[in-house]
Amino acid sequence: MNDPRPPREEAALRGGVGEPVRHDSAHLHVSGEAAYTDDVLEARGTLHAAFGLSQRAHARIKSMNLAPVRAAPGVVAVLVAADIPGENNVGPILHDDPILAAAEVQFVGQPIFLVVAESVGAARRAARLGVVEYEDLPAVLTIEDALAKQSFVIPSVTLQRGGWQAALAAAPHRLKGGLRIGGQEQFYLEGQVAYAVPGEDGDVLVYSSTQHPGEVQLQVAHALGVEAHRVAVECRRMGGGFGGKETQASHPACATALAARATGRPVKLRYDRDDDITITGKRHDYLVEYDVGFDGAGRIAGIDLMFASRCGFSADLSGPVNDRTVMHADNTYYLPAVRIVSHRCKTNTQSNTAFRGFGGPQGMLAIEYVLDEIARALDCDPLAVRRANFYGPGRDVTPYDMRVEDFVADRLFDELAASSDYATRRAAIRKWNAASPIVKRGIAMTPVKFGISFTATFYNQAAALVHVYTDGSVLLNHGGTEMGQGLFTKVAQVVAHEFGVDLDHVRVSASDTARIPNASATAASSGSDLNGKAAQAAAAAIKARLVAFAAERFQVAPEAIRFAANRVEIGDVKWLKFGELVRLAYLARVQLWASGFYKTPKIHYDPKTLKGRPFYYFSYGAAVSEVAIDTLTGETRLLRADILHDAGRSLNPAIDLGQVEGGFIQGMGWLTTEELWWNESGRLMTHAPSTYKIPVASDVPVDFRVKLWERGENVEDSIHRSKAVGEPPLMLAISVFQAIKDAVASVSGYEGTAQLNAPATPEEVLRAVTAATKRSTAPV
Ligand code: MTE
Ligand code: MOS
């Protein structure tokens, strides 16, 4: 105990806060050993379930003959709505989303009955044998139709500020237009899956691939008609969630729990890819209209924006998703006089839900589109128009009344414009295009400002439970879930830092409702902000007890005790290994575990007026994209992308960089190749990778220069002054879309508009190019 202190270099901590350590499961991911819900060892007697799905978009169920299903080989039970002992609902906010449709079906793919069989194959084959007689009802299949029929899942919302009508009327220039923005399938590599294991006396344990175990627990309890304490939900990790498992994991979880209750045996349900895409909701597609007034420098004087989104047949999270669209329609720009109208359209299609960005991307794409059109109308560089509209002194209040106190987009813009050589390249591209009749190039630079916090204020809370065992090892439990984003690694780094021990001494448990109750969804990019703070508080509580104990035992002042590099220094003379102090403290009966709790300060928000301070702070980024388009085929390719992203003082630059790269490429897929297409009877035809194209490795640009902003720092007291990074980078991909738009504009010699809808698929690019060609060759 009185050993001489080892030399400094040996005393370094491995895996503390700010170190670019690898994801804690990286070696398991690449070797295929990481255990997902479908890998949980199956208990004896496990059965498998499959849904029977609606074949109509909107119909009354006249009759249902399930005798052939029950008679099929291997079938053990068939459940319909009437067999649900509790509530037949998985709607998270409104109770409008049945587990099994009863009298009426509301979209093609809606589950009507549940087959439980001895094998996956038997369940799936039997599910096709149900004979359902429908009486068709009028179906609403498009946003336009929903608007015409005033078909909404929840009432429309209007946010306004200032005299926008007068501002529009008085503005020297005015533009009106619109665009469509497509939806997006989450395409998590691991599909929706749940495995329910019945316990004694009505208890049930559900393994669920969910971003929100606490909500799955409640939904299962409601469906079974039991109290929540009988249901435990566990999730070790997801193979991706991307928002798609924020609410919609409840559906398979409730189904398996109901089937387990009915049969007394463990039941698993894993959607196959086609079923997953057919049943579950996606990113909302939008129709946007704008009317904007501006001056000669392109500065917006007033703007009137209309958003109408496809919500599908039920509300799900459409309220908060559309609210976030409204609150991100400013992006980095000051809108002095503004009206934003938001319609939440009810359609007979899948119930759309959360997807990375949560409505923000559509709001931001709309304003970026408008600014690009303004620049084209004035024939100036879109970058200059964007900069002219930035928030700044005296122009710093958002349309929802929140002051922007941490604006850094201007600095990011200047640094990135210089490092990417934007101006020179833009000029070179124009020259190159003049000499290239078929292939055209385009370039664009766009900023990102994304509000961090759940807009539903009460969700901004988290808890953690930290155990220190007598050998000095640490087990960390918190309410967050791991979906590949590296949350577990980052929070473990926070705890390792607090105790001054190497990261390998901290192990993170699976997410489990029995360990951490009432946890919020891991969503809104706030996982590490919330759980990091809660875990820090728990570790700090244990540390305080250890300090008090050591001060007394060694008769020194508490300030003389330091936790560093796996040891505890007692003044200048003595040191112990962390585990040694822990063991002594245990023998002295010191409590070696603690809980921690955190709630985000400063935030408040009125969902009726959409005003307040919904966000604790903003995350920022900027991107420059250069593309080439083929004007004969409409094909596009991203040639180079330069990104500068502000993750504050990053908890883990390696993981954060991965989030930036992945988010950007996922956003590029949304805006270029991923197209959802329903036929005239409302059947989604793009339900497999054969027809629905997500980006692949070869779509990553050969020249990809991604950097975290070195000077980044959160002005608010976030966990170690880091910033949330999960969603914001997706919106950096708006630069890819705007670059394609720039290339299209070259076809008409950069004269006037370049109308382009998202996604900019080859068909859409070809349509836009054809329109631009006609305009440029038309007689004047
Ligand atoms: N990264 C991976 N690899 N997989 C995912 O499913 N989901 C995104 C983002 N990054 C996701 C991801 C979404 S939608 C959110 S809200 C955040 O991660 C959630 O995690 P965080 O709050 O810990 O950042
Ligand atoms: Mo992310 S869309 O908030 O799950």
Original post:
Given C-alpha coordinates of segment 61-102, what is the ratio Rg to Rh with the Kirkwood estimate of Rh?
Top reply: 1.07
**OP:** Considering only DSSP beta bridges where both residues belong to segment 395-512, give the percentage that are antiparallel (nearest 5).
**Re:** 65
Original post:
Which net charge results when you count Lys and Arg as +1 and Asp and Glu as -1 among the other residues whose beta-carbon is under 11 Å from that of residue 236?
Top reply: -3
**OP:** Just the number, please: carbon plus sulfur as a percent of the accessible area of segment 626-671, 1.4 Å probe, no ligands or DNA/RNA counted.
**Re:** 52
Original post:
Assuming a viscosity of 1.002 mPa s and a temperature of 20 °C, what translational diffusion coefficient in µm² per second does Stokes-Einstein assign to segment 231-300, Rh being the Kirkwood radius over Cα pairs?
Top reply: 133
**OP:** Only Cα pairs under 8 Å and at least 6 apart count here; give the relative contact order of segment 251-357 as a rounded whole percent.
**Re:** 30
Original post:
Which lysines have a Cα lying under 18 Å from the Cα of residue 282, excluding residues fewer than 8 positions away in the same chain?
Top reply: 245, 346, 693
**OP:** Could you state how much accessible area residue 230 has, in square angstrom rounded to the nearest 10, with a 1.4 Å probe and all protein chains kept in place?
**Re:** 80
Subject >> Sequence-separation-based contact order of the chain, relative, with Cα cut under 8 Å and 6+ spacing, percent >> reply: 15
Subject >> Global form of segment 508-613, assessed from the alpha-carbon gyration tensor, a/c cut-off 1.5 >> reply: prolate
**OP:** With a/c under 1.5 counting as rounded, go ahead and sort the chain into rounded, prolate or oblate using the C-alpha gyration tensor (a ≥ b ≥ c being the square roots of the eigenvalues; past the cut-off, prolate if a/b is larger than b/c, else oblate).
**Re:** oblate
Original post:
Is the shape of segment 1-146 rounded, prolate or oblate, going by the alpha carbon gyration tensor and its root eigenvalues a ≥ b ≥ c, with a/c under 1.5 for rounded and a/b larger than b/c for prolate?
Top reply: prolate
Original post:
Largest first, what is the accessible-area ranking of 490, 707 with a 1.4 Å probe?
Top reply: 707, 490
Subject >> Residue-normalised accessible area of the chain, expressed per residue, 1.4 Å probe, Å² >> reply: 37
Subject >> All lysines inside 29 Å of residue 574 as judged from Cα atoms, apart from same-chain residues fewer than 8 positions distant >> reply: 543
**OP:** Under a cut-off of 24 Å between alpha-carbon atoms, report the lysines in cross-link reach of residue 611, not counting same-chain residues fewer than 8 places apart.
**Re:** 449, 599, 602, 723
Original post:
What number, in nm² with one decimal, is the all-direction average of the projected area of the convex hull of the alpha-carbon atoms of segment 429-582?
Top reply: 15.4
Subject >> Heavy-atom SASA rank of 620, 586 (probe 1.4 Å, accessible area, largest first) >> reply: 586, 620
**OP:** Over 18 Å, how big is the tail of the calculated P(r) for segment 179-237, in percent of all Cα pairs?
**Re:** 42
Subject >> Rh by Kirkwood over Cα pairs, then Stokes-Einstein D for segment 170-290 at 0.692 mPa s and 37 °C, µm²/s >> reply: 206
Original post:
Evaluated at 4 °C with a viscosity of 1.567 mPa s, what Stokes-Einstein diffusion coefficient in µm²/s does segment 119-160 have when Rh comes from the Kirkwood expression over alpha-carbon pairs?
Top reply: 89
**OP:** Could you pull the accessible area for residue 469 with a 1.4 Å probe, rounded to 10 Å²?
**Re:** 110
Original post:
Out of every Cα pair in segment 442-511, what percent are spaced more than 21 Å from each other?
Top reply: 43
**OP:** Could you tell me the accessible area of residue 234 in Å² (1.4 Å probe, neighbours in place), rounded to the nearest ten?
**Re:** 50
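The values are calculated or read from the model by the stated rules, or taken from the named source; none is laboratory data. As the structure is a computational prediction, the values presented were derived from the model and not from experiment. Cβ atoms come from the backbone with ideal geometry, glycine included; neighbour counts cover every protein chain shown. Quick note on the areas: whole protein, heavy atoms, side chains included, nothing else; ligands and nucleic acids left out. Shrake-Rupley method; radii C 1.70, N 1.55, O 1.52, S 1.80 Å.
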